[in-house]
Each structure stands twice: as C-alpha cells, then as structure tokens.
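To keep things clear, I will list the structure first and then write my remarks on it.
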Amino acid sequence: MRRVKLRLADLDVEFADRDTALRQVEEFAERGTYPVYVIYGPEGCGKTALFRQAKAILEEHGYIVIYFSPMEKEFEYRLSVSDDAKELVKPVLEVLLGENGAKFVERAIELASRVMRYRERVAVLADDIFQAVGLERAEIYVKMLLNLIEYPSAPIERVVVLVGSSEGTTRVRVGRHSWALLRGMWNMSRDGFRELYEQISGEKPSFDEVWRWTGGNPRYLAELYKAEWDVEVVVKGLVRRKGLDKLAKKWRQGLERAVEDPDYLWDEYPRTEGLIQELTELNLLSETGYRDTYLWIDQPPPVDKELGIGEKYAWQTPLHREAVRRILREIGS
Ligand SMILES: Nc1ncnc2c1ncn2[C@@H]1O[C@H](COP(=O)(O)OP(=O)(O)OP(=O)(O)O)[C@@H](O)[C@H]1O
Ligand SMILES: [Mg+2]
C-alpha cells in the first residue's frame, strides 16, 4: 500500500502507523458503507491525514474518490476528485470554485451524485463539513449523504461515505439518528507516534518527554516543534486561543477536580453537565466511555491517568489539561 506524503509543520513526512485504521478502510472498500460513517476525534489527532491516506487506498480498490473539506483554504485540498473522473465533472467543478459554506457542501454532494451515474465504485470523503454548514444543521447534511447511498442516481456497485469532524458535539446531534454510525478516533498509539517522532530531524527532547506532553497527538507534536520545543509557548497559546480565563472563573472548583482526574466529571454528573458541555465545545475534553473496539477507527484510548485519559472522560492531550492548570494557577484561589 502506498503511504501518502503529508506535511507536519514545515516538514515532509510519510503517513505513519494507523495499521488498524487502514485495515478498516480496506474493509469499507471491499463492502461499501451503510449507513454513513461519521468519524470524530480530538483536534489534530489525524482525521484529515487518515482521509488523505484513505483516498489512496480507495483508488487502489478502483474507486472514484470525491474528497472535500470546506474549511480548507488551498483549493487543491478544498476539493479533489480522482483523475479518472475529472473530465466528467469539469462544468460542476468550475461552479463549485466560487462557492462557500453550506452551498459548497451541497454542490460537492451534487458532484458526487453526478459521478455516480457513470462509475461503479464511488467514495465520498467529507472532511470537517459541520463547521461549514452550521452545527445545528449537521444532521440534514448527513441525511443528504445517506441519500447518495440509499438512492444513487443510477445502479451502482459500491458506495463509501465517510464524514470527519472534530466537534465533540457532533455526537449528540448526529448520534440520535440512524442515518450515521459514529466512530471515535483517538491520538496515535505510543509505537505509532514514535515512528512520526523519528521523522523529525535535528535536536529534540526525548521521545518520553514529547509523549508525556502530546499524548500522541500529531498536531501538538508539530506545535511543539514549531515552538522549538518550548512547552510554555504552546500552553500559553492554548490558554489565549480558547479563552480559558472566563472558563476558569466560571468553573474553578470543577476544573480543579477535573485536572486531577477527568472522571470526576462523571462521578459528579449531572452537577457537572454544564462544565462538560463547555469543555467539549472548546475541544478540550472528549468522552471515551464506550471502548468496544468496533466503535473506534484505529484503537480506543487506553485508560492512562498520567496522560489525563480516564474511563469516561479524557483531556484531548496533556497540553490541553496543562493549559487549564495554568489558568487556574493564574487566577489564584
Ligand atoms: N498518521 C500520520 N502520519 C503522519 N502525519 C500525520 C499523521 N496523522 C496526522 N499527521 C499530521 O499531523 C497534523 C495534524 O493532523 P490532521 O490535520 O490530520 O488532524 P485532524 O484530526 O484532521 O485535525 P482537525 O481536528 O483540526 O481537523 C497534520 O500536519 C498531519 O499531516
Ligand atoms: Mg482535519
């Protein structure tokens, strides 16, 4: 299997690890998906990277792949169609160029439907579409994608539809319908992450240290690398970007407990409901309670209290937890 080339900060890297996920994608290729699969996971855990690798796998299995990612700035990544079908969709592609947000997503789905008239195997990889269409309308778009599978524009052999989302709230909105199967994705496993770490040349902290800070999240590996391994810079960046001062003022006591052990949020539920919701919306916390392997793409996160991964809840990375710790210290008790 060809491993795709990716960027990690300013470095060229090769898609690393994720063997289980790649086998799962091969299964999708062999059987098609029913219904739509929605893959959600921590920011920067590697969903887009997996989609890019999935495109290559699906093409090796004879699929025409339509990949789109409305939040992406570079056009080549906003929308790509397998070479074999480019001529076929040229007119629609040109119209799509000028669209944004929900309109862009609708046009891209139309484009997929058009390709399905002419090809036997079609895959739609819709990356990060919920932010573009508005979270409150996420379900409608999942239903549109399901229609591609249930009512193809012409008889077709196999269809694969995968949707990627970093929004923890996806789970509640999409999960209540039978239109999609939700699959969690977590940061990389320790061994897999080491493969990626080793692709970074130059002087760097020990693998153990990088692992303890990132918990295997490739985006935060890139952030640390860009900050010349200065944890302080990355943590401060998180505090500012996520506006943690207000959160800490509002929920100080709950947060003090949750940084010690995220499962506190479950133990004290439903008193902690509002805090859980805010932490989820800010992409600081993920729910990890259902650990059956079939509910995950790749592997579920092993409980590891040192990394902030509890039975029921987990900090997205130790750096996220550290950002909360820092702001708690700053506002004092
Ligand atoms: N398996 C992998 N091998 C090599 N690089 C990877 C891998 N997974 C992710 N990366 C790199 O790590 C960074 C973050 O990954 P990616 O953009 O896929 O995360 P994401 O889950 O899509 O994030 P977001 O939630 O923000 O959309 C990217 O630079 C990507 O190229
Ligand atoms: Mg992404």
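The values are calculated or read from the model by the stated rules, or taken from the named source; none is laboratory data. Everything numeric here is computed off the predicted structure, so don't read it as measured data. Neighbour counts are summed over all protein chains in view; Cβ atoms, including those assigned to glycine, are modelled from backbone coordinates with ideal geometry. Heads up: the accessible areas ignore ligands, DNA and RNA and are worked out on the full protein's heavy atoms, side chains in. Shrake-Rupley method; radii C 1.70, N 1.55, O 1.52, S 1.80 Å.
Proximity of backbone amide H atoms, modeled 1.01 Å from N, is registered between residue 298 and 21 at under 5 Å, excluding neighbours fewer than 5 places apart on the same chain.
The portion of the accessible surface of the chain made up by carbon and sulfur, rounded to a whole percent, is 45 (1.4 Å probe; DNA, RNA and ligands excluded). When only the Cβ of Lys, Arg, Asp and Glu is charged (+1, +1, -1, -1), the dipole of region 5-185 relative to its Cα centre reaches about 540 debye. Indicate the gyration tensor shape class of the chain (rounded, prolate or oblate), computed on the Cα atoms with a ≥ b ≥ c the square roots of the eigenvalues: a/c under 1.5 is rounded; otherwise a/b larger than b/c is prolate and the rest oblate. In terms of gyration-tensor shape, prolate. Residue 189 exposes around 40 Å² of accessible area when a 1.4 Å probe is run over every protein chain in place.
Applying 0.36 nm per residue to the separation of residue 203 and residue 60 and subtracting their alpha-carbon distance, the gain on full extension is 47.7 nm.
Note on the chain: helix-only mean residue ellipticity at 222 nm, from DSSP H runs of 4+ residues weighted -39500 (n - 2.57) and normalised by residue number, equals -13500 deg cm²/dmol. The slack between residue 30 and residue 256, meaning 0.36 nm per residue of separation minus the straight C-alpha distance, is 76.6 nm.
Classify region 80-239 as rounded, prolate or oblate, taking a ≥ b ≥ c as the square roots of the eigenvalues of its Cα gyration tensor: rounded when a/c is under 1.5, otherwise prolate if a/b is larger than b/c and oblate if not. Prolate. Mean-square fluctuation check for the chain, GNM, Cα pairs under 10 Å: which of 301, 70, 91 is largest? Residue with maximal mean-square fluctuation among 301, 70, 91: 91.
Can you flag which of 236/312; 5/55; 103/143; 5/47; 55/103 are past 20 Å Cα-Cα? Pairs exceeding 20 Å: 236/312; 55/103. Magnitude of the charge dipole for region 109-259, about its Cα centre and with charges confined to Cβ atoms of Lys, Arg (+1) and Asp, Glu (-1), is about 700 debye. Among DSSP bridges having both ends in the chain, what percentage is antiparallel? Round to the nearest 5. In the chain, approximately 35 percent of DSSP beta bridges are antiparallel ones. Only protein heavy atoms count here; under a 1.4 Å probe, residue 191 has an accessible surface of about 120 Å². Rounded, prolate or oblate: which fits region 5-185 when a ≥ b ≥ c are the square roots of the eigenvalues of the alpha-carbon gyration tensor, with rounded for a/c under 1.5 and prolate only if a/b beats b/c? Since a/c stays below 1.5, the shape of region 5-185 is classed as rounded. Given H placed 1.01 Å from N in the peptide plane, which residues other than close sequence neighbours of residue 6 have an amide H under 5 Å from its amide H? Those qualifying (amide H under 5 Å, at least 5 residues apart or on another chain) are 13, 14, 15. Put a plus charge on the Cβ of each Lys and Arg, a minus charge on the Cβ of each Asp and Glu, and nothing anywhere else: the dipole of the chain about its Cα centre is then about 780 debye. When you restrict to C-alpha pairs under 8 Å that are six or more residues apart and normalise by the size of the chain, the relative contact order lands at 21 percent. Across region 5-185, the relative contact order, built from alpha-carbon pairs under 8 Å that are at least six residues apart, equals 32 percent. For region 5-185, DSSP calls about 25 percent of its internal beta bridges antiparallel. Each Lys or Arg adds one and each Asp or Glu subtracts one; over the other residues with Cβ under 14 Å from the Cβ of residue 108, this totals -3. With Cα atoms defining each centre, region 131-166 and region 15-53 are spaced 16 Å apart in the structure.
Pick from 78, 158, 240 the residue whose mean-square fluctuation is largest in a GNM of the chain, springs joining Cα atoms under 10 Å. Per the Cα network of the chain with a 10 Å cutoff, 240 tops the list. Residues in the chain average 46 Å² of solvent-accessible surface per residue, probe 1.4 Å, ligands and nucleic acids excluded. Between the listed residues 22, 275, 210, the Cα displaced farthest toward the positive end of the dipole of the chain, a dipole computed from Cβ unit charges relative to the Cα centre, is found at 275.
Given a 1.4 Å probe and the protein chains as shown, residue 61 ends up with an accessible area of around 50 Å².
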